[in-house]
Structures are given as structure tokens and as C-alpha cells.
Amino acid sequence: MSKELIINAAEYETRVALVENGTLQELFVERPRGGDIAGSIYKGRVVRVLPGMQAAFVDIGLEQAAFICARDVLNNYSEFEQLMLSSSDEDEEDVVEVESDEGLFHSDHGFMIEELLHEGQEIMVQVSKAPIGSKGARITSRISLPGRFLVLMPTTNHIGLSRRIKDEEERKRLREVIATIRPQNYGIIARTVSEGASSEKIANEMNFLVSLWQQIQKKSATAPVPSLLHKELNVSLRAVRDLFTGEVDKLVIDSKAGYEEILTFVDRFLPKLRDSVELYDETEPIFDAYNLESEISRALKKKVWLKSGGYIVIEQTEALVAIDVNTGRFVGNYNLEETILKTNLEAVKEIAYQIRLRDIGGLIIIDFIDMEKKSNNERVYNALKDALKKDRSKTNVLPMSELGIIEMTRKRTREPLPRMLCEPCFYCEGEGYLKSKQTICYEIYRDIARDSRDTMGNGITLKVHPRIAELLLGDEQNIVQSLESSLKKHIVICPEPRFHLEQYEVYEVNNFTPDINTAEKGQS
């Protein structure tokens, strides 16, 4: 299976695409304004403590205050914290949670939030989740500094290994290497790509990360509040650090400056992969050359068609994402059960693909087409679990219910792609619907009937969108005639192309004199 990293680096936006066998699998977008701040470290000030939620809000210099839970607050190396970290590494190693490759450690230390933080307190924190929608950033005071091979956790005292390293001999070797070289009272997790890495490379990165932490501490001592202490790598270098492995055949970037920056990074940490980095200098845009733009457009649509003629609908709500499977134009060749099973199995692959590409997180509800045989339900459930194995984000899938519904969760750390690249429709304000033309006509009728009985004028001018004017002068002309009869007033309809479909204006006219030419002109 061929893998490629394609990077389109422009002044206003950088896009990184992970392509497998010519198909776009993951897309990362970063813009100068509102870039991904996950992983960045700030010096902040507590602005509000919420005992009822066991959490606090911290001002770190963003538009919205950041949110921190009690379990994510380090107790400033208190006596209790030292006791908690005093057991042997071998015992603690089993309780370290290694999530994917990030290796973030969390522990409930038993303290109440009001015992840990108070308003006005200064605190060093790291963004664990960037702001999503109306929610502010999620932060932690348990700092972690990811490198290529290791994650340094200067506030804990643990050794951990990525669960994706399966070979027991290699796990033992890495554990021994890290135990030998790690500084005292520093936590270390070996990432998946550390498998096979020499002890020299691991030691060099260890020294680099420790030096970086010391620089952050030094800066924190004199920095104002709030302020940024350490910015996470840009999206291009993050992709090199986290995705550019021996499994990736090549990395192609269309920016000379970005190419040089990546080469510098690779020469320092990944010299063997230097020849796999290419500069794209053709006139055709790089994403067009790799046929990626159409897949990006497809990932922004609610309805996604399947090759068989069926389709899925992906609906994003505030609390969850609902995915509905439909047979569409697919009628099958045998019987109904086989047709439904084939549609569901085809939908499974597309759903897993779209979830990963769109970076959908949180609670996901999938409504498959009902099947009569329980064995077919099992096939669809197992197929979905297999299809999600390629996903680097942690997922949890529950068996299919009797109603043909599968519930699943996926770890969410940033905005999903559609919300990053789109905004609510200014016509319908994100509702997804417009009032029908007929509904608008009846609404106009009620408004005029309600407000025009007590007016002194003998005429009414009605400005509407041309499509509404066409309907009022055609199929719904009885509305106008009924109003003129009941109000004893003449109504002139004026089409206004600049109006939104739902917009209309009603004007009272005093001493109105019917003029056929004027009326015809207004109603044309």
C-alpha cells in the first residue's frame, strides 16, 4: 500500500493531505488566524473557580477563557503529589494510559478544585483540546512535550510505551534504554515510531526535550500574564513528526521555503528519509495534480453517494453526529435482504472513510437499514470495527441494537473539517431550510390583514422577491384579491431582486389613485 504526504503551503493557508493508494484519507488545514493551538503552552490566570463542576476558567489570552478540570490540575509538586509519584517505575508503568501515540497521563488525585486553584492565581497550562464551536479550549497543567520518538512529561515520574509496539523484546529494549538515560523525576513515553530507533537517537531527543522544557520554565518566570510560552509546531512539521514514517513513500510540498524548513527538520531527526522529500514546482496546483479537490468538496456535503446507487446522510448537531443509510437508486439483483445487506456493507466503508477524513468526533449514531437476520447485523458491526482500525483516533463501537442503530464514540481534539471550512448559511442562519414560497405568501397575507385595518391610507405597496411576486400574481392571486376585497384597499406588488426570498416590505399609500399603467409596471 502506497502512502504519500501532499502539502499545499500558501501564505494564507497550509493544507496537508495523507494519501493512501491515490485516495485522500486525512486532511489537516491551518490558517494564520485561528490556527490549531492544541499542544501550545501558556501562562494564564484563574478567573473563576466552579466548585459545583469541579473545574475552573483560566484566561490564557484567547477570546474565550479556557476550561480546566480538577483532575487536570497539577498540585504544584505538593507533598501529596510527591507521595503519589513515589512508587517504583515498574509498578506505575502498568497504570500509565497511552492514548494512541500522544501518551497523555491523567490521574484523579482526590483534591477539590477549590483546594487547588483560586481566583487570580497564575498557572502554567497546556491546551489539550483547541476551541470547538462555542466551547473554549480545554487545558491541563500536566505538561507533555511530544518529539519524534518520545513524549516528555516533566510533571510526572512514569515510563510508558505505546500499545502499538507489539514485539515484547523491543518493548523490553526501549524500557531499558529510557530507564538508563531519563533524568530523575521526568516521565517518558516511547511513541510508536521509536520501535527500532537506536539508543543514541533516543538519547539525543531526550536531551532536546529536556532543554526545551527548561527554556519554557525560564520564560515562564518573567513572562507577563497571560502569554504564550511555547507554540506547537506548524501543521507541516507536525505532519512530518507524527505521520512521516518508513511506511510513507514520499512527502511532496509546493513551497520552496516550506521544503527547506522540512529538510532542516528531517536532517536533524530523520536523516534516512531525506531522499523521500520532494519539491513540487509544476504550474498545475498540487492538489489538482493529485485529484484531491473533488474529495475535499465531497467531504463538505451532507449527502454522500455510494457506487451502488445508495447514499448516506451525515448530519452534525450540537450534541452528536447522526449518519443515515439509504438504498437510494440501488434496487439489487436478488432479494430484499441481500440488497439491504449489500448497501449496509458498502455504507460501512464509506462511513469509516468519511469519519476519518472529516475528523468527526464525540458521539456518533449510525442508522443502518433494518435487516431481519441477526447474522447480517453481526456482519455489519464487525465490518465497521474492521474499517475503523486504520483510524489513528481512539474509537469505541457498541453492537447494533434491535432498531438497526450503532452507537460509537471517537476521540475529538479539534474542529471537524466541515466546521473548519464552512460557516452557517446567512440566509437560513444555519437551520438548513428556507420557508416555502407558499408559506411566505400566507405570512404576507396575515401581516397585511393584521396591520392594515386601522391605517388611513387607501392603498398598499408590497415589495417582495421576484419568485414571491410571480406566485402572488399567479397561483396565489386569490390572496391579493381577498385582501383588496376585505380591506377595501388597492395592492401593488413590486418585485425586488435584491431581497432575500423570505424578505418583504409593506408600505401604506395615502390618496392612492389606481393607474393601470403604474399597476402593470409594478406587477411585471
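The values are calculated or read from the model by the stated rules, or taken from the named source; none is laboratory data. All values reported here derive from a predicted model rather than from experimental measurement. Here Cβ is always computed from backbone atoms with ideal geometry, including for glycine, and neighbour counts include all displayed protein chains.
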Consider residue 131 carefully, then state whether it is over 18 Å from residue 215 (Cα atoms), in contact (Cβ under 8 Å) with a residue 24 or more places away in the chain and in contact with a Leu (Cβ under 8 Å, 6 or more places away or on another chain). yes
Every residue in segment 463-507 that is polar (S, T, N, Q) and part of a helix (DSSP H, G or I), please. 477, 478, 481, 482, 485, 486
Against the conditions (1) surrounded by fewer than 16 Cβ atoms within 10 Å (Cβ to Cβ); (2) farther than 30 Å from residue 120 by Cα; (3) basic (Lys, Arg), where does residue 182 fall short? Just the number, please. (1)
Answer yes or no: is there a residue in segment 143-159 that is assigned to a loop (DSSP other than H, G, I, E, B), of a type in the set (Ser, Thr, Tyr) and within 23 Å of the chain's Cα centre (by Cα). yes
Given 202, 216, 189, which one is outside the structural domain of residue 261 (by TED's automatic domain parsing), buried (at least 17 other Cβ atoms within 10 Å of the Cβ) and either free of Cβ contacts under 8 Å to residues at least 60 places away in the same chain or assigned to a loop (DSSP other than H, G, I, E, B) (or both)? 202
Going through segment 22-40 in order, the residues found to be under 16 Å from residue 391 (Cα atoms) and either in contact with a Leu (Cβ under 7 Å, 6 or more places away or on another chain) or assigned to a loop (DSSP other than H, G, I, E, B) (or both) are 24, 25, 26, 27
Qualifying residues in segment 311-342 (those that are under 28 Å from the mean Cα position of the chain (by Cα) and loosely packed, with under 12 Cβ neighbours inside 10 Å) - the one modelled with the lowest pLDDT: 318
Can you find a residue that is buried (at least 20 other Cβ atoms within 10 Å of the Cβ), within 21 Å of residue 113 (Cα to Cα), modelled with pLDDT of 90 or more and not β-branched (Val, Ile, Thr) anywhere in segment 14-37? no
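Taking segment 416-442 only, how many residues are among the charged types (D, E, K, R), part of a helix (DSSP H, G or I) and more than 21 Å from the chain's Cα centre (by Cα)? If you could, list the steps in order and put the result at the bottom.
Quick first cut of segment 416-442, residues among the charged types (D, E, K, R) only: 419, 423, 429, 431, 435, 437.
This time we only want the ones that are part of a helix (DSSP H, G or I), so: 419, 437.
Still in the list and also more than 21 Å from the chain's Cα centre (by Cα): 437.
Qualifying residue count for the region: 1.
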Of (1) surrounded by 12 or more Cβ atoms within 10 Å (Cβ to Cβ); (2) without any contact (Cβ under 8 Å) to a residue 24 or more places away in the chain, residue 7 satisfies all except one. Which? (2)
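Could you tell me which of the residues 393, 375 is of a type in the set (Gly, Ala, Ser) and either touching a residue at least 40 places away in the same chain (Cβ under 8 Å) or assigned to a strand (DSSP E or B) (or both)?
Numbers: 375 fails: either touching a residue at least 40 places away in the same chain (Cβ under 8 Å) or assigned to a strand (DSSP E or B) (or both).
On inspection, the qualifying residue turns out to be 393.
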Note on residue 194: of the conditions (1) modelled with pLDDT under 90; (2) surrounded by fewer than 21 Cβ atoms within 10 Å (Cβ to Cβ), unmet is (2)
Identify all residues within segment 263-302 that are among the β-branched types (Val, Ile, Thr) and touching a residue at least 40 places away in the same chain (Cβ under 8 Å); write none if there are none. 286, 296
Please state which of the following conditions residue 349 fails to meet, knowing it meets all the rest: (1) touching an Asp or Glu at 6+ places or on another chain (Cβ under 7 Å); (2) over 14 Å from residue 314 (Cβ atoms); (3) not β-branched (Val, Ile, Thr). (1)
Do we find that residue 211 is of a type in the set (Ser, Thr, Tyr) and in contact with a Leu (Cβ under 8 Å, 6 or more places away or on another chain) in this structure? no
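Restrict the check to segment 164-176 and report whether at least one residue is under 23 Å from residue 246 (Cα atoms) and hydrophobic (A, V, I, L, M, F, W, C). Quick ask: steps written out before the conclusion?
Going residue by residue through segment 164-176, those that are under 23 Å from residue 246 (Cα atoms) are 164-175.
So of that shortlist, the ones also hydrophobic (A, V, I, L, M, F, W, C) come out as 165, 174.
Yes - at least one qualifying residue is present in segment 164-176.
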Do you know which residues across segment 279-311 are touching a Phe, Trp or Tyr at 6+ places or on another chain (Cβ under 8 Å) and more than 29 Å from residue 323 (Cα to Cα)? 279, 286, 289
If you go through segment 397-411 one residue at a time, do you hit one that is on the phi < 0 side of the Ramachandran plot, in a helix (DSSP H, G or I), touching a strand residue (DSSP E or B) at 6+ places or on another chain (Cβ under 6 Å) and modelled with pLDDT of 90 or more? no
Could you list, ordered by first residue, the pairs with Cβ atoms under 8 Å in which the first is in segment 111-126 and over 16 Å from residue 53 (Cβ atoms) and the second is in a helix (DSSP H, G or I) and of a type in the set (Ser, Thr, Tyr), at least 6 apart or interchain? 124/220
When you scan segment 102-117, do you find a residue that is touching a helix residue (DSSP H, G or I) at 6+ places or on another chain (Cβ under 8 Å), at pLDDT 85 or above and surrounded by 17 or more Cβ atoms within 10 Å (Cβ to Cβ), even just one? yes
Would you please list the contacts, defined by Cβ atoms under 7 Å and residues six or more apart or on different chains, that run from a residue in segment 147-158 that is of a type in the set (Phe, Trp, Tyr) to a residue that is not in a strand (DSSP E or B)? 149/191; 149/193; 149/194; 149/197; 149/201; 149/202; 149/205
Whichever residue in segment 243-253 is modelled with pLDDT of 85 or more and surrounded by fewer than 19 Cβ atoms within 10 Å (Cβ to Cβ) and, among such residues, is nearest to the chain's Cα centre (by Cα): 243
Report yes if some residue within segment 59-80 is surrounded by fewer than 18 Cβ atoms within 10 Å (Cβ to Cβ), of a type in the set (D, E, K, R) and modelled with pLDDT of 90 or more; otherwise report no. yes
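Yes or no: segment 284-296 includes at least one residue that is of a type outside the set (S, T, N, Q), under 30 Å from residue 405 (Cβ atoms) and crowded, with 17+ Cβ neighbours inside 10 Å.
Yes, segment 284-296 contains a residue that is of a type outside the set (S, T, N, Q), under 30 Å from residue 405 (Cβ atoms) and crowded, with 17+ Cβ neighbours inside 10 Å.
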